[in-house]
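Asks: Input: one structure, supplied below.
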Amino acid sequence: MLSTLILLSIGIPWFGAFLLWLAGDGKPRLQHSLAVMFALGGGAAALAMIPLASSEVALVIPVGAVFGDFTFIADGLGVFLAAVAAVIGSLAVIFSVDYMHGEHQLSRYYAFVLFFIGGMVGLVLTSNLLLMFFFWEITALCSYALISFHNDDPKAVAGGMKALVITQLGGIGLLLGALLLFAHTGNYDITALLANPGILPAGMLAFMAFGALAAAAAKSAQFPFQTWLPDAMEAPTPISALIHAATMVNAGVYLLARFYPAFKDVPYWPLAVMLVGVITALMAALMALSANDLKRVLAYSTVSQLGYMVYAVGAGGIFAAQFHLFSHAIFKALLFLSAGAVIHAVGTRDMREMGGLGRQMPLTRAVFVTGALALAGLPIFNGSWSKELVLEAGLKAAEAGGTLWMYILMVITAGLTALYTFRMVAMVFYGQPRTERHVHDAGAAMKVALVPLALATLVSWLAVGPFSRLLDEHTLPYHHLEAEPTLVWLKEVLAWPTLIVLAVVAAGILAWFGREKLAGITQFLRGLNWAASNSFGFEAVNRAVVAAVGWLAEKLRAFQTGQLNWNIFGLAAALVVVLAILLAGA
Amino acid sequence: MWAILVAAGAVGCAVIAVSVRRLLVSALWLAGASALTALLLYLLGAPEIAAIELSVGAGLVTVLFVFAINIAGEEPIEKKSVVPRWLAGGIILAAVGLLAFMDLPRLTMGLPEMAGNDFMLNFWTNRRLDMLLQLILIFAGVMAVVGLLSEDPAKREHKEEGK
Amino acid sequence: MIATKTAFTLLIALPLVAAPLIYLIGRLVYRSGKAKNNPAGWLALIVLLLTAGLWVLLYLRKKTETLVLITGQVTMAGDAVFLLMSITAIALGLMVVMFSIFYMRAEPGEEKFYALLSANIGSIIGLSATTDLFNLWVWFEAMAVTTYLLVAFYKDLPGSLESGIKYLVQSAAGSALILIGIALVVAETGTLELNLMAEMLREPNALLLAAGGLFLVGFGVKAALVPMHTWLPDAHSQAPSGISMMLSGIVIEAGLIAMLRVLGVFLQVTNLFGPLLLGFAALNMLVGNLMALRQTEVKRMLAYSSVAQVGYILLGFGTAFTLGVSDGSISAFFHLMNHALMKGLAFMAAGVLIYTLFLRNGSHATLKVTDLNGAARKYPLAALAFSIAVLALGGLPPLSGFMSKTAVFLTTFYTLNPWMIALVIFAALNAVLSLGYYAPLVNRMYRLEASEAVKNGAPMPWLMALPLILMALLIVVMGFYPMLLSDLFIPAGVNILPYAGF
Amino acid sequence: MNSIEILPVVIAAVFCLLGIGIYALLVTRNLIKVVVALQIMVKGALLALVAAGRLAGNVDLGQSMALTVIVADTIVAVVGLALAVQIRRHFGTLDLKSIATLRK
C-alpha cells in the first residue's frame, strides 16, 4: 500500500509532466486542467501517506552494481515534507491558472512544475543517498528552468544561471558525501549511517558532515551562498512561492535534520550550523529592511527564516526546526501568492510605486496581512509559536554550550523581522496611492489557493501535538524527539523568555511607527543599508570569481594559436614531459 | 665503415632537404635521403625492402612531389619561423636526447646472427592481413585525391559568410 | 545458419568491402542520370543494417563461443571491448547515414562520402578486434586516412582545407612516433602479439618506458589529449556535421582504446601510466571546459566539450590503470558509450539547424550561438534534442550523462586515495563550470524572439527526425535505468585490463 | 659487412632523422616542406622497424612492417600534397602563417 502511494506521489506528477510535454502549446484550457488534475492527484497521494507513515523500508528497486538498491522509506519526517511539497504544489498550480493566464509555452511551465513536485517528493522519501542526490539535482534543474521561464528577459536568464551554478557547487558536497559513504560501506544506505555513524572513520564523517552543510547552505540560500535566492525572484510568482519559499529551499534544512543524529558528535559541526543560521538570519533581515522590490523583501525574509531553521537544527531542536518549516511553508507561500496577486494587478514589483492598494484589493490585503503577522511573529499566528520553539531550542543550547550571544542576536533579528514586515505592509497596502491605476482584486482561482493558506496560517499551530507524534513515532528511531499533547507544548512555549521576545517584536513594530523620531539611528543604518543592498560584498566575491574564470578562459585561448607549427610544438613538448616523468619515476 | 658514410649521407641529405628554400631542390634532396636510406636498409640485411624503398620512396614519391610543386608553384616565404628556432631546437634535443638516453643501453647489446629468411612467406602469409588492409588504405587515398582534386562539372559557388 | 567464424569475418569485412561498391554503384547510377538522387546513402544504410544484424548474431553466439580469427600471425579476437566499440561505431554510423541522406544531398561527391564513412566504420571495427600491435597501427592508420577527406570534404571552403591539413599532419606525426615505439618493443621482445608481449614484459627497463611514452603521445594525438588536441576544434567544427558526430563520438575514443590496449601490456613494467592518464584527464577537463566557455560557434564549442569529456573518460581509465580496479574502466566505458550518444545527438541537432537555416539556402555559414535564438519555436524537436544532449553532457539528471559521470566519480572516489579524491573534487567543479556554457545554449533556443536565421529557415526533413528521437529517447531511458547496456560495458571494463597483476 | 658495428650507426641515423623531421615540422612555414618533413620522420621509422626486426632475429618481420609503412605513408603524403595543392588554390599561398585562420 505504502509502496504504491510512494510510486503514485512521484509518478502522478511526472506522468502529468510528460503528458503536458506531449500536449504541446496552443490549448490553454487543456493545459491548465491537466496540470491541476495531476497536481491534485499527487497531493492526494502524498496526504494519504501521512496516516501510514512508518520507519520501515517501504519500497526497493534493485538497480545494479555501482548504483545500489534504490530504497524509499516513508517515515514521519519524509511524509510530512512530501505532503507539504505536494499540497503547496497543488495550490501553486491552481493559483497559476489565473496568474499565468494568456502566457505562451504553458506546457513547459507546468511540465517543470509537476516534474519538480515529483522530484521533491522523491527527495524526502528516499533513503538511498545517491538517489537523494539524483532528486536533489532534479529540483535544481527545475528551479533553474523555471527561474529562466521568461527567457527573453536577460535578468531572468542570469538569475537562473546563478541559481543553477551555486546550487550545483554546493551539491558537490552532497555528492562527495554519497561517494564517501559508498566507498566505506559499499552502499548508500542512509539508515545504516544514522544507526551507527561509526561505520565511517571520524575524519571522513567530519568531511561528510561539512560537505552536507555546504550542500544545505547552497540549497537553502544560507551564508555564504545566499546570493542566488534574491536573483531567483525573476521567476513567475507561483514558482517563487512553491520552490523558493515553501519547498526546495527547505531541502537544505531537511538534509541537516535528517543527518543530525549522525553528525551531531562531529566536533564543531553543530556550532558551525548554528553560526551559519545566525549570520544568515541577521544579514538577510538587514537586507530585507532596505530592499524596495516586494518579491526581494520576501526573498530576504525567506533566507532569514531559513536561517532560524538551520540555527534550530544546530541547536538540536530538530522538532522546532521542522515545525517552523511547516509554519513557514504555509505563511510564506501565502505571502508570495498574495504578493503575486498584487504584482499581477499592479504590474510592477517596486513597492515605492504601490501604496493604498488595500481599498481596491480587500481580500488580498486581508490574507497578506495574515501572512505578514505570522512572519512578524505576533501571537496567535502559526509563525510566532514555531519561532518561539526555535528560540527556546537556541536558549537550551546556549545554556549548555555558551552560545548566549547567538541567542541574543536571534532575538534581535526577531525584532528586525517585525520591523521590515510592517514596513512592507505599510508601503504596499496603506498610505496614499503613489500611482494612478485601476487595479482589480485576485481572480477566482487565486482565491481558491489563497484562502485555505490564510486559514492554515491561523490554525496550523494547533496541530503541534499530532505533528510531534507523527515525527516522534514514525520517524527513523534515531532522532529522539519528544511527543507531547498540544496543550503541553503551548504551556512550555509561554515561559518568561517568550515575553522578552514579544517585547522585542513589539519594539520592532514601534520602531516603524516612530521612524521619523529615530532619524539618527536611520542615519547610522544607512551605511549598513548600503552594505546590505550589496549583499555585504558577497555579490562582489561572486562577480570576482566569475570574472577570474572568464579571464583565465580568455588567456587560455591564446594557446590555441591555429598555427600548425605550434600545434606540433605541443606534441613535442608533451613527449618531452611524458618521457621525463617516466624516467624520473622509474 | 660504409655504413657510417651512408648514414651520414642520408642525414645530410635530410638536413639539406628541410633547409633549402626552393621546393623542387628540397624534393630532390629528399629523394637522395630516401635512396641512401634504402642503401642503409640493404646494408642492414634487408634487400627486399631496400628495393621497394628505392622505387617508391626515391622514385614514386619524388615524382609526386615534383608534380605537386608544379601545380602549386614555388613561392617565396618569409624565412622567420613561427616557433623560435632556439625553442624548437631545444625541445627536439630534449626529446631525442631523452629517447636516446632511455633506449641506447638496451639496443647496443649486439645483433643475433641472421636466420634463414623468407620475406615473401612472411609478408604474404604471416602478415597477409596487413597486406589486405593496404587495399583499404589505397582505396581511401585514391578517394581522397579524387575528392580533393576533381573539378566539379556543375561547379557551385560556395559562399562563406562571417568566418 | 552461418558459422560463427564466417559471421565474425563478415562483420569485419563487410563495411570495408562494401565501400568501393557503394562508390561505384553510386557513381554509375548517378552519372547515368537514371536516379534523381544519389543512391549511395541508401546503400550505406543497407550495408550498416546488415553489419548490425551480424553484430547481433555474434553477440548472441558470444555466450557460448569465443570469437577468434587467425590470419597468418595476426589474431583478431572478438572480445567484450570489440563488441562494445563495434556496436557503438555501427549504431552511430547508422544515425549518421540516416541524418546525412538529406544533409549531404546537395553536395557533389556524395558517393565518396558514404564509401569513406563505411570504410571508416569498418576500420574502427577492425581496430577494436586486433591483438597484434602492428596490425593495430595499420587499422589505426586506415581509420585516419579514411577520415582525411571526410574532414576536408568541403574542398572549396578554405576553413575546411585548413582543418584537414592540420588534422593530417598531426595524425601523421603521431603515427610516426607510434612506429618508433613499435620498433622499440619488437627489438625487446621479438613479437607483435599483445598477449605474448604482456607475458614477456615483466622487468621494468628504460627502453620499454620510452616505448610506452611514445605510444601515449602518438595515440594521444588521435585521442585529443591536451596539449595534442589542437587539431580537434578545427576538424570538428569544419567537417560536415555527420562527420563531426563520428569524429567526436567514436573516432577519438577508438584512438583512446587503441592506446589503452597497448598500454595495458606495460602494466607489469611500470605503474606510472595510470597517474599519467590521470594527469591528462585533469588537463583535458580544465582546458576543454575553459576553452568552450568563450566560443561563439556552436560546433566549435561542442568540439571543446569533447576535449573535456575525454577527460572524464580518462579519469575512469586512469583510476583503473593506477590501482588495477576494473570498476574504473567499467564506468569509463559507460561514459564512453554515453558520450557517443550525447555528443552524437548534440552535433546532429546542431547539424539539423545548420541544414535548415543555411545549407538549404545554399549557404555554408557557420552556426553561431546567436543563431540558436528562438529555434525552439520553429524547430521544437531539434531544440528539445539539443537541450537534452547538452544538459546530459553537463551532467544533469535524469539524463544518462549524470549517471555515467557519477559512476566515474564514484569509482575514482572509491579508492579513497587523497589524490584521487582531490581529482574528483576538481572534476566535479569542472562539471559545474561546464554548465556555464551548456545552460545558456538551452536558454537561447527557448528565447522568444527568433533570430534572423531562424525566421528564414527551411522546414526539417522527415528522415532527420528519426535519429534525433531515437538518440534522445535512449539518453533519457538510460538516465532512469543506467544498467540498460551493462551487458556491454561491464565485460568490456574487465576486458581492457587483462594484464593487470595487482 | 660487420653486423656488430652497423647497429649503432643505424640507431644514430634513426634518432637524427626523427629529430630533423620534427624540427622541420616546428620551423618550416611552407606546407609542402611540412610533407617533406613527415617523409623524413617516416624514413627514420622505417630504419627503426627493420633494425628492430634484425635485433629480434627476424628481419623479415621488420621488412614486412616496413613495406606496409611505406605504402601507408606514401598515401598520407599523396593526400597531404593534394590538400596542399587545394590550399594553394584557395588561400593563394602555402605559408602556414597565412592559413591559420581557425584559432581560439
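Asks: Any chance you could count how many residues in the stretch C:219-237 are in a loop (DSSP other than H, G, I, E, B) and buried (at least 24 other Cβ atoms within 10 Å of the Cβ)?
Replies: First pass over the stretch C:219-237, keeping only residues in a loop (DSSP other than H, G, I, E, B): C:224-230.
Okay, now just the ones that are also buried (at least 24 other Cβ atoms within 10 Å of the Cβ), so C:224-226, C:228-230.
The qualifying residues number 6.
Asks: Now a separate question. Is there a residue being crowded, with 22+ Cβ neighbours inside 10 Å and under 26 Å from A:Met446 (Cβ atoms) anywhere in the stretch A:49-71?
Replies: no
Each row is one residue, and each column tells you yes or no for (1) within 30 Å of C:Leu323 (Cα to Cα); (2) among the hydrophobic types (A, V, I, L, M, F, W, C); (3) modelled with pLDDT under 85; (4) surrounded by fewer than 22 Cβ atoms within 10 Å (Cβ to Cβ).
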site	(1), (2), (3), (4)
C:Ser404	yes, no, no, no
C:Ala422	yes, yes, no, yes
C:Ala439	no, yes, yes, no
C:Ala450	no, yes, yes, yes
C:Ala465	no, yes, no, yes
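Asks: Also: Tell me, which helices (runs of 4 or more DSSP H) lie completely within the stretch B:1-119 with 1 or more residues that are over 29 Å from D:Gly53 (Cα atoms), at the interface with another protein chain (Cβ under 8 Å from one of its Cβ atoms) and of a type in the set (Phe, Trp, Tyr)?
Replies: Values: elements: B:2-19, B:23-43, B:47-52, B:61-72, B:85-107.
Answer list for the stretch B:1-119: B:61-72.
Asks: A follow-up question, please. Being buried (at least 16 other Cβ atoms within 10 Å of the Cβ) and aromatic (Phe, Trp, Tyr) is true for just one of C:Phe480, C:Phe413. Which residue is that? First the steps, then the outcome.
Replies: Working: C:Phe480 fails: buried (at least 16 other Cβ atoms within 10 Å of the Cβ).
Sole residue among the options that is buried (at least 16 other Cβ atoms within 10 Å of the Cβ) and aromatic (Phe, Trp, Tyr): C:Phe413.
Asks: Looking at the stretch A:129-139, can you tell me whether even one residue there is closer than 22 Å to A:Met233 by Cβ, more than 12 Å from every other protein chain (Cβ to nearest Cβ), modelled with pLDDT of 85 or more and assigned to a helix (DSSP H, G or I)?
Replies: Among the residues of the stretch A:129-139, not one is closer than 22 Å to A:Met233 by Cβ, more than 12 Å from every other protein chain (Cβ to nearest Cβ), modelled with pLDDT of 85 or more and assigned to a helix (DSSP H, G or I), which makes the answer no.
Asks: If you scan the stretch C:185-214, which residues turn out to be under 19 Å from D:Leu7 (Cα atoms), at the interface with chain D (Cβ under 10 Å from one of its Cβ atoms) and either more than 29 Å from the chain's Cα centre (by Cα) or not in a helix (DSSP H, G or I) (or both)?
Replies: Of everything in the stretch C:185-214, those that are under 19 Å from D:Leu7 (Cα atoms), at the interface with chain D (Cβ under 10 Å from one of its Cβ atoms) and either more than 29 Å from the chain's Cα centre (by Cα) or not in a helix (DSSP H, G or I) (or both) turn out to be C:Val186, C:Ala187, C:Glu188, C:Thr189, C:Gly190.
Asks: Being within 23 Å of C:Leu485 (Cβ to Cβ) and surrounded by fewer than 24 Cβ atoms within 10 Å (Cβ to Cβ) narrows it down to one residue among C:Ser306, C:Ser326; which is it? Let's see the steps before the verdict.
Replies: Numbers: C:Ser306 fails: surrounded by fewer than 24 Cβ atoms within 10 Å (Cβ to Cβ).
The conditions single out C:Ser326.
Asks: Touching a strand residue (DSSP E or B) at 6+ places or on another chain (Cβ under 9 Å) and modelled with pLDDT of 80 or more, is that true of A:Leu5? Lay out the reasoning, then the answer.
Replies: Working: touching a strand residue (DSSP E or B) at 6+ places or on another chain (Cβ under 9 Å): yes; modelled with pLDDT of 80 or more: yes.
Considered against the rule, which asks whether it is touching a strand residue (DSSP E or B) at 6+ places or on another chain (Cβ under 9 Å) and modelled with pLDDT of 80 or more, A:Leu5 comes out as yes.
Asks: Which number in (1) part of a helix (DSSP H, G or I); (2) over 26 Å from A:Val546 (Cβ atoms); (3) not hydroxyl-bearing (Ser, Thr, Tyr) marks the one condition that C:Pro398 misses?
Replies: (1)
Asks: Let me ask you something else. Go through (1) assigned to a helix (DSSP H, G or I); (2) under 24 Å from the mean Cα position of the chain (by Cα); (3) crowded, with 24+ Cβ neighbours inside 10 Å; (4) more than 11 Å from every other protein chain (Cβ to nearest Cβ) for A:Gln226 and report which single condition fails.
Replies: (1)
Asks: Considering C:Leu384, C:Leu391, C:Leu429, which residue is assigned to a helix (DSSP H, G or I) and more than 8 Å from every other protein chain (Cβ to nearest Cβ)?
Replies: Details: C:Leu391 fails: more than 8 Å from every other protein chain (Cβ to nearest Cβ); C:Leu429 fails: more than 8 Å from every other protein chain (Cβ to nearest Cβ).
Only one candidate qualifies: C:Leu384.
Asks: Moving on to the next point. Just to be sure, is A:Ala85 within 28 Å of A:Glu473 (Cβ to Cβ), hydrophobic (A, V, I, L, M, F, W, C) and either crowded, with 24+ Cβ neighbours inside 10 Å or not assigned by TED's automatic domain parsing to the domain that holds A:Gly26 (or both)?
Replies: Yes: the conditions hold for A:Ala85.
Asks: Scan the stretch A:39-78 for residues that are modelled with pLDDT under 80, farther than 14 Å from A:Leu470 by Cα and touching a Leu at 6+ places or on another chain (Cβ under 8 Å) and jot them down.
Replies: Within the stretch A:39-78, A:Ala58, A:Val66, A:Phe67, A:Gly68 qualify.
Asks: Can you find a residue that is under 21 Å from the mean Cα position of the chain (by Cα), under 27 Å from C:Gly174 (Cα atoms), modelled with pLDDT of 85 or more and not β-branched (Val, Ile, Thr) anywhere in the stretch C:91-99? Before you say what the answer is, go through the steps one by one.
Replies: Taking the stretch C:91-99 as the starting set, the residues that turn out to be under 21 Å from the mean Cα position of the chain (by Cα) are C:91-99.
Applying the additional criterion that residues be under 27 Å from C:Gly174 (Cα atoms) yields C:92-93.
From the residues that got through so far, the ones that are modelled with pLDDT of 85 or more too are C:92-93.
Then keep just the ones that are not β-branched (Val, Ile, Thr); that gives C:92-93.
For the stretch C:91-99, residues under 21 Å from the mean Cα position of the chain (by Cα), under 27 Å from C:Gly174 (Cα atoms), modelled with pLDDT of 85 or more and not β-branched (Val, Ile, Thr): present.
Asks: Picking from C:Gly109, C:Gly72, C:Gly26, C:Gly33, which residue would you name as being touching a helix residue (DSSP H, G or I) at 6+ places or on another chain (Cβ under 7 Å), without any contact (Cβ under 8 Å) to a residue 12 or more places away in the chain and within 14 Å of another protein chain (Cβ to nearest Cβ)? Give the steps one after another, and end with the answer.
Replies: Working: C:Gly109 fails: without any contact (Cβ under 8 Å) to a residue 12 or more places away in the chain; C:Gly26 fails: without any contact (Cβ under 8 Å) to a residue 12 or more places away in the chain; C:Gly33 fails: touching a helix residue (DSSP H, G or I) at 6+ places or on another chain (Cβ under 7 Å).
The unique qualifying residue is C:Gly72.
Asks: Something else about it: Pairs please, first residue from the stretch C:115-137 and more than 12 Å from chain D (Cβ to nearest Cβ) and more than 19 Å from B:Arg127 (Cα to Cα), second anywhere and assigned to a loop (DSSP other than H, G, I, E, B) and acidic (Asp, Glu), Cβ atoms under 7 Å, 6+ apart in sequence or on different chains.
Replies: Listed pairs, sorted by first residue: none to list.
Asks: Among (1) hydrophobic (A, V, I, L, M, F, W, C); (2) within 11 Å of chain A (Cβ to nearest Cβ); (3) surrounded by fewer than 24 Cβ atoms within 10 Å (Cβ to Cβ), which single condition is C:Leu256 missing?
Replies: So the condition that C:Leu256 fails would be (2).
Asks: Could you please let me know if A:Phe38 is part of a helix (DSSP H, G or I), surrounded by fewer than 17 Cβ atoms within 10 Å (Cβ to Cβ) and in contact with a helix residue (DSSP H, G or I) (Cβ under 9 Å, 6 or more places away or on another chain)? Reasoning before the result, please.
Replies: Working: part of a helix (DSSP H, G or I): yes; surrounded by fewer than 17 Cβ atoms within 10 Å (Cβ to Cβ): no; in contact with a helix residue (DSSP H, G or I) (Cβ under 9 Å, 6 or more places away or on another chain): yes.
When the stated conditions are applied, A:Phe38 does not pass them.
Asks: Being under 27 Å from the mean Cα position of the chain (by Cα), outside any loop (DSSP other than H, G, I, E, B), in the same structural domain as A:Ala449 (by TED's automatic domain parsing) and β-branched (Val, Ile, Thr) is the requirement here; does A:Ile50 meet it?
Replies: Working: under 27 Å from the mean Cα position of the chain (by Cα): yes; outside any loop (DSSP other than H, G, I, E, B): yes; in the same structural domain as A:Ala449 (by TED's automatic domain parsing): yes; β-branched (Val, Ile, Thr): yes.
Yes; evaluated as a whole, the condition is true for this residue.
Asks: Against the conditions (1) over 15 Å from the mean Cα position of the chain (by Cα); (2) crowded, with 21+ Cβ neighbours inside 10 Å, where does C:Glu65 fall short? Just the number, please.
Replies: Answer for C:Glu65: the failing condition is (2).
Asks: Just checking, which of A:Ala214, A:Ala145, A:Ala221, A:Ala156 is assigned by TED's automatic domain parsing to the domain that holds A:Thr280, aliphatic (A, V, I, L, M) and not in a helix (DSSP H, G or I)?
Replies: Criteria check complete, one pass: A:Ala221.
Asks: Now, a different point. Please work out if A:Leu193 is farther than 20 Å from A:Ile343 by Cβ, buried (at least 24 other Cβ atoms within 10 Å of the Cβ) and assigned by TED's automatic domain parsing to the domain that holds A:Glu234.
Replies: Working: farther than 20 Å from A:Ile343 by Cβ: yes; buried (at least 24 other Cβ atoms within 10 Å of the Cβ): yes; assigned by TED's automatic domain parsing to the domain that holds A:Glu234: yes.
Judged against the criteria, A:Leu193 is a match.
Asks: Considering only the stretch A:203-215, I want to know if a residue exists there that is in contact with a Ser or Thr (Cβ under 9 Å, 6 or more places away or on another chain), within 14 Å of another protein chain (Cβ to nearest Cβ) and either surrounded by 19 or more Cβ atoms within 10 Å (Cβ to Cβ) or not basic (Lys, Arg) (or both). Spell out how you get there, then give the answer.
Replies: Initial filter on the stretch A:203-215 (in contact with a Ser or Thr (Cβ under 9 Å, 6 or more places away or on another chain)): A:215.
Pick out the ones that are also within 14 Å of another protein chain (Cβ to nearest Cβ) and you get A:215.
Now narrow it down to the ones that are either surrounded by 19 or more Cβ atoms within 10 Å (Cβ to Cβ) or not basic (Lys, Arg) (or both): A:215.
Yes, that holds for at least one residue.
Asks: Can you tell me how many residues in the stretch A:140-166 are more than 10 Å from chain C (Cβ to nearest Cβ), under 17 Å from the mean Cα position of the chain (by Cα) and either more than 17 Å from A:Ala218 (Cβ to Cβ) or of a type outside the set (A, V, I, L, M, F, W, C) (or both)?
Replies: Number satisfying all stated conditions: 4.
Asks: Would you check if C:Met420 is aliphatic (A, V, I, L, M) and more than 9 Å from every other protein chain (Cβ to nearest Cβ)?
Replies: Numbers: aliphatic (A, V, I, L, M): yes; more than 9 Å from every other protein chain (Cβ to nearest Cβ): yes.
In short, yes.
The values are calculated or read from the model by the stated rules, or taken from the named source; none is laboratory data. Small disclaimer: the values here were computed from a predicted structure and weren't measured. All Cβ positions, even for glycine, are placed from backbone atoms using ideal geometry, and neighbour counts span all protein chains on display.
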